[in-house]
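The values are calculated or read from the model by the stated rules, or taken from the named source; none is laboratory data. Everything numeric here is computed off the predicted structure, so don't read it as measured data. All Cβ positions, even for glycine, are placed from backbone atoms using ideal geometry, and neighbour counts span all protein chains on display. Protein only, heavy atoms only, side chains kept; ligands, DNA and RNA dropped before computing areas. Shrake-Rupley method; radii C 1.70, N 1.55, O 1.52, S 1.80 Å.
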Amino acid sequence: MSSPQEQGIPAPLTGLPELLLPWYDRNARVLPWRQEPTPYRVWISEIMLQQTRVEAGKPYFERFISCLPDVQALAEADEALLLKLWEGLGYYSRVRNLHKAAQMVMERWGGQLPDDPALLRTLPGVGGYTAGAIASIAFGHVVPAVDGNVLRVTARLLEDHRDMAAPQVKREVEKWIGQIIPRHRPGDFNQALMDLGAMVCLPGGVPLCEKCPAAAICMGRASGRAASLPVKAAKPPRPAQSFTVLLLTRGDRVALRKRPSRGLLAGMWEFPMAEGLLSGKEAAAVAESWGTKPLKPPRDLGPARHIFTHVRWDMTGWQIEVENPCGTEDFTWVSTGELSSAYALPSAFRHYMEALALPPSR
């Protein structure tokens, strides 16, 4: 049998499993999806955590699973319910992909997620990392699950100054990790790497090397360069867009509008918006152009900003009490209670939701 070095595995990685698993046994995070790691629960948790911090995701996961406990329930769920369960998490394409994928699982595999990573990757929203996580944690397959945490840990262990986000570099790391995974505990090893990156080898700051089980073999720590790794390519600045949010109210009802079926926040509900940062007088004129009659001067709701992946929204807002429904716009008038319980609004509007004194999303 060839040695790890002959297989092309960097020396520091070969000693990682025997250091990491005992540490994981003592320090593993207690997470709701780990208590019962069924394929469905692992899948939901991994999709939910793609763009969400673990602590923020816990209550969402528990609420989602309580309402939709299995693939069939998810496949048959109404989209409005899904969006409401997801409200506040953002990146709503994730839950729409979950819905589509659940329907595929029902049609192709009778409601049982496949254990083959290649088949898992055919599901909408499931990439290499998520497929590896489900296959290793829920099914015990010896496959890697390489995400940003694992890439960061690897860059520091090996003092690797390459761009870890580069596809060819990620493929090489996946190959190395796949070769060192302990055959008897693949899911635990992948989760141990996740926990190491989340709890010790921290992003965006100084790693807690004194708490790291792999400190003795870490080349980044030995050179004093761990905190400067991984190297990341410079991102272009996000373009900024300016909007005025109009809270058109009639007693306890507020106007909502559906966004277009394609593009950013596709098909989501929103408060009506106009382009540009408008004054109160200009906002009232827009409301009148939609066929309403303002009853009093607009109330200034102040500025807000929301950062999306590829664009930034700079907003100002005005609440305008109106006498009659809009005649030229396709608005839906809902009570504040209905807005809180049944209509999902993107987190971009959180500041203006609070202006209506609604209870925060759970």
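For the range 140-171, a residue qualifies if it is assigned to a helix (DSSP H, G or I) and in contact with a helix residue (DSSP H, G or I) (Cβ under 7 Å, 6 or more places away or on another chain), and the qualifying residues are N149, V150, L151, R152, V153, T154, R156, L157, L158, K170. Cβ-Cβ distances below 7 Å connect the following pairs, each with a first residue in the range 231-250 that is part of a loop (DSSP other than H, G, I, E, B), a second residue that is surrounded by 13 or more Cβ atoms within 10 Å (Cβ to Cβ), and a separation of six or more residues or different chains: K232/D163; K232/A165; A233/D163; A233/A165; R238/R312. Residue count for the range 56-74 satisfying the condition of being without any contact (Cβ under 8 Å) to a residue 24 or more places away in the chain and crowded, with 19+ Cβ neighbours inside 10 Å: 2. The sole residue among A102, A131, A118 that is open to solvent by less than 30 Å² (accessible area, probe 1.4 Å) and under 21 Å from G178 (Cβ atoms) is A131. A search for C-beta distances below 8 Å between a residue of the range 148-160 that is in contact (Cβ under 8 Å) with a residue 12 or more places away in the chain and any residue that is of a type in the set (S, T, Y) and surrounded by fewer than 23 Cβ atoms within 10 Å (Cβ to Cβ), counting only pairs 6+ apart in sequence or on different chains, returns E159/S223. When the residues of the range 294-329 are filtered to those that are touching a Lys or Arg at 6+ places or on another chain (Cβ under 7 Å) and not in a strand (DSSP E or B), the one that is nearest to G276 (Cα to Cα) is V311. When L31, L81, L89 are checked against the criterion of being out of contact with any Gly (no Cβ under 6 Å at 6 or more places or on another chain) and farther than 20 Å from T130 by Cα, a single residue qualifies: L81.
Of all residues in the range 29-55, exactly one satisfies the criterion of being farther than 27 Å from P114 by Cβ and surrounded by 13 or more Cβ atoms within 10 Å (Cβ to Cβ), namely R29. Could you give every pair whose Cβ atoms fall below 9 Å, whose first residue belongs to the range 261-274 and is over 20 Å from K84 (Cβ atoms) and at pLDDT 95 or above, and whose second residue is acidic (D, E) and assigned to a loop (DSSP other than H, G, I, E, B), counting only separations of at least 6 or pairs across chains? From residues that are over 20 Å from K84 (Cβ atoms) and at pLDDT 95 or above, the pairs are P272/E329. A residue that is aromatic (F, W, Y) and closer than 25 Å to L339 by Cβ can be found somewhere in the range 62-85. For the range 174-220, the candidate set comprises residues that are charged (D, E, K, R) and either in contact with a Pro (Cβ under 6 Å, 6 or more places away or on another chain) or surrounded by 17 or more Cβ atoms within 10 Å (Cβ to Cβ) (or both); within that set, the residue that is farthest from R152 (Cα to Cα) is R185. Evaluated against (1) open to solvent by less than 20 Å² (accessible area, probe 1.4 Å); (2) at pLDDT below 95, G317 falls short on exactly one condition, (2). Scanning the range 115-139 for residues that are in a loop (DSSP other than H, G, I, E, B) and not acidic (D, E) yields R121, T122, L123, P124, G125, V126, G127, A138, F139. Output the residue which, of all residues in the range 301-312 that are touching a Ser or Thr at 6+ places or on another chain (Cβ under 8 Å) and surrounded by fewer than 19 Cβ atoms within 10 Å (Cβ to Cβ), is nearest to G267 (Cα to Cα). The residue in question is H306. Quick check on L81: is it open to solvent by 10 Å² or more (accessible area, probe 1.4 Å) and either modelled with pLDDT of 95 or more or over 18 Å from V42 (Cα atoms) (or both)? When the stated conditions are applied, L81 passes them.
The residues of the range 159-173 that are within 19 Å of K235 (Cα to Cα), buried (at least 16 other Cβ atoms within 10 Å of the Cβ) and hydrophobic (A, V, I, L, M, F, W, C), listed by number, are M164, V169. For the range 177-210, filtering for residues that are touching a Gly at 6+ places or on another chain (Cβ under 8 Å) and either closer than 15 Å to Y129 by Cβ or not in a loop (DSSP other than H, G, I, E, B) (or both) leaves 4.
Would you check if G291 is out of contact with any Asp or Glu (no Cβ under 6 Å at 6 or more places or on another chain), part of a loop (DSSP other than H, G, I, E, B), closer than 30 Å to E323 by Cβ and open to solvent by 20 Å² or more (accessible area, probe 1.4 Å)? Spelling it out, G291 is indeed out of contact with any Asp or Glu (no Cβ under 6 Å at 6 or more places or on another chain), part of a loop (DSSP other than H, G, I, E, B), closer than 30 Å to E323 by Cβ and open to solvent by 20 Å² or more (accessible area, probe 1.4 Å).
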